[in-house]
Amino acid sequence: MLPKEGQDVSPLDDPARLRALQQTGLLDTPAQEAFDRATRLASRIVGAPVSLITLVEPTRQFLLSRTGAAAEALAVPETPISDSFCRHVVENDAELIVEDARTDPRVQGNGAIEGLGVIAYLGVPLRTEEGDVLGSFCVIGHEPRKWTEIELETLKDLALGVESEIRLRRRTNIATQERETFRAILDQMPMGILLSEIGDDATLNMNRAARDMMGPPAHAPDANSRHGVTICDPQGAAYRPDDLPINRAARDGETVSSEEIVVHHPQRAPHNLLVSARRIETEPPLAVATLLDVTTHRAAERAAALSHARLAHFHDITRDGILEIDATDRVRYGNAVIRARLRDAYGEDRAEAMEGVNLARECPEFLGPEFEPVLAQARASGQPQTTDLTGHDGHTLEARLFPDEDAVLVYLRNVTEERAVAQARDTLARELNHRVKNLFAMMSGLIGMTARHAKTPAAMASGLRARINALARAHDLVSPTATLESAFRGKMDFATLIHAILEPYVAADDPRLSLEGPTVLLNQSGTTNFALVLHELVTNAVKYGALGHPGARLALQWDVTEGKDGAELHFTWKESDCPPRGDQPRGTGFGNSLIDLTIRAQLRGSYGTEWPSDGFISHMTAPMELIKG
């Protein structure tokens, strides 16, 4: 057979022919009686010592059947394509008649002449329904022979039977492959799929997902209880076999859409399935059904419903009023606290019919005039808002508004008592602050009168007075004397504290002074203790160090670092460019002891000093958990 028009490949290599060869499923199969009977019959009728049925591939020919000593003597049922006469049948799509291969130019030199003793050859094509030549049905002689027309026609008649058997095998194999492909495709689908035939109540096909959902199919008389499986509706009523959705579809032609069933299996938790089914018009009738596992979805719905019920219960028992207001400013939900306030203000009817009411317009005094602007701000910014409202009963309500996509959730808490307590606490703090300042002043006077240390009582009194005044300044910074307009702060920036302590001795813009460090907020304890430490350091610097010499410098550095026990404040006081000293200072004076006691005992930190030739350096640390404001 010559290449088809527009076809560049040899017929031996034609993809369609090779695909048809594979589809037969006959390549490399053992001997089969159906084909061996045909070759035996051909040898007897034609009187040839050898008869073959060959399937020809590009590099070899497979001997599907072989009769005759020469062919049966082959170790394997195949020969290379170089030893094939049958290839000419395939290539030319026509019978091949050879009387003497040794002199026939078409096959002269073919390896089969020596290998199998092929001298005379008569072969006819074996075709598919599409006309592709798969191989040849041939008879072979070991001597020169003139083949007759009757022998050729006889071989063709026998070949028709062989051809029919090959075609049947191919169709069967293709059908099997298609079924396997169909099942493989079904098994990859996430939803369950099954086919059912009416008459014997048999499930014909079920994909992997359906088997996982329903359990393996079984030929049990009761299809509803196979392998202990029971199928019920969501209310728990068991289905009769005839009432199953797929059976109704096949028997009655009913189209079932998303009917929920519950499959109870003895070895696992129940499965909730949505079943859709329809009839396929065949004989006998079939029905196809799809199964969608909604077990997780139903569990989530139940959990959500339970959570909603719990949340609703919480909303009704909390002391906060809770309102949900939609995009049109109307009430979508109000809890028991809101209903009670509405009942007190407007009566039972308004309380029970609050959904859909615009409270700001229809009941303006209920939340007061401050509510509408805050509601608008929450919507405009998309951010939570907090404000105090004055309710219809004069009580102060803390309102917290949380905007969502199409609604605003409002929490209302009656804080009338809390606000009164806070105001009283503020008044008390102002009074205590005033009294503590008076106490500091009195202590300063008493200490001045009872000074017992230093070289003279006056010197000791002056020193102690200065220390107490430093503490008073620190107290002023932490909690200034309150007025009705000021609020209690309770926090102090470390740099601000340093400037306040150093201010009496050195100006902030003095070139001798440099401060470097981040913003660190101190609490009252940190402020008071560091005020004392800084006072001792600055008074020593004025008397003996950098602040007592025009050319000297004072550098203060601090930072917060993470240590193994948490964050720590590291502070360095460095005096430099001072005149040379004589003897090395011992660092055992009262001021140094006071600093050490303050840092180590009060703040649980560390303290150390260095005495370079031109100045003094002090290092100290304190845990932030004790001093952080």
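Laboratory data are not the source of any read-out in this text; all were calculated from the coordinates shown. Treat the numbers as computed from the prediction; the structure is a model and nothing was measured. Here Cβ is always computed from backbone atoms with ideal geometry, including for glycine, and neighbour counts include all displayed protein chains.
Among the listed pairs Lys564/Lys628; Lys491/Lys574; Lys491/Lys628, which have their C-alpha atoms separated by more than 20 angstrom in this model?
Lys491/Lys574
The calculated FRET efficiency for Thr386 paired with His265, based on their beta-carbon distance and R0 = 56 Å, is about 0.55.
The charge dipole of the stretch 502-576, taken about its Cα centre with unit charges on the Cβ atoms of Lys, Arg (+1), Asp and Glu (-1) only, comes to about 260 debye. The label-point distance for Leu626 and Val294, in a model that sets each label 7 Å from Cα toward Cβ, rounds to 6.5 nm.
Projecting the Cα positions of Gly135, Ser43, Leu64 onto the charge dipole of the stretch 1-150 (unit charges on Cβ atoms of Lys, Arg, Asp and Glu, taken about the Cα centre) puts Ser43 furthest along the positive direction.
Kirkwood's formula applied to the C-alpha pairs of the stretch 318-413 gives a hydrodynamic radius of 13.1 angstrom.
Peptides 103-111, 527-535, 283-291 ranked from most to least packed, by the mean per-residue count of other Cβ atoms within 10 Å: 527-535, 283-291, 103-111.
Considered as an equivalent ellipsoid built on the Cα gyration tensor, the stretch 11-175 has semi-axes of 23, 17, 15 Å, the largest given first. Charge dipole of the stretch 233-371 (Cα centre as origin; +1 on each Lys and Arg Cβ, -1 on each Asp and Glu Cβ, all else neutral): 420 debye, rounded to the nearest 20. Please work out the FRET efficiency for the pair Thr172 and Glu283, using the Cβ-Cβ distance as r and a Förster radius of 30 Å; give the result to the nearest 0.05. Efficiency computed from Cβ-Cβ geometry: 0.85.
Straightening the chain between Thr572 and Glu405 buys 54.8 nm, computed as 0.36 nm per residue apart minus the Cα-Cα spacing. Which of the listed residues, Leu323, Ala380, Val357, is farthest toward the dipole's positive end in the stretch 310-414, when Lys, Arg count +1 and Asp, Glu count -1 at the beta-carbon? Most positive-ward Cα: Leu323. Straight-line reach from Lys543: taking Cα to Cα under 14 Å and skipping same-chain neighbours fewer than 8 places apart, the aspartates and glutamates in range are Glu575.
Of the peptides 327-340, 233-246, the order by per-residue mean of other Cβ atoms within 10 Å, starting with the highest, comes out as 327-340, 233-246. A full extension of the chain between His395 and Glu610 corresponds to an added length of 71.1 nm, given 0.36 nm per residue minus the alpha carbon distance. Which FRET efficiency, nearest 0.05, do Glu348 and His499 yield, Cβ-Cβ r, R0 60 Å? After rounding, the FRET efficiency stands at 0.40.
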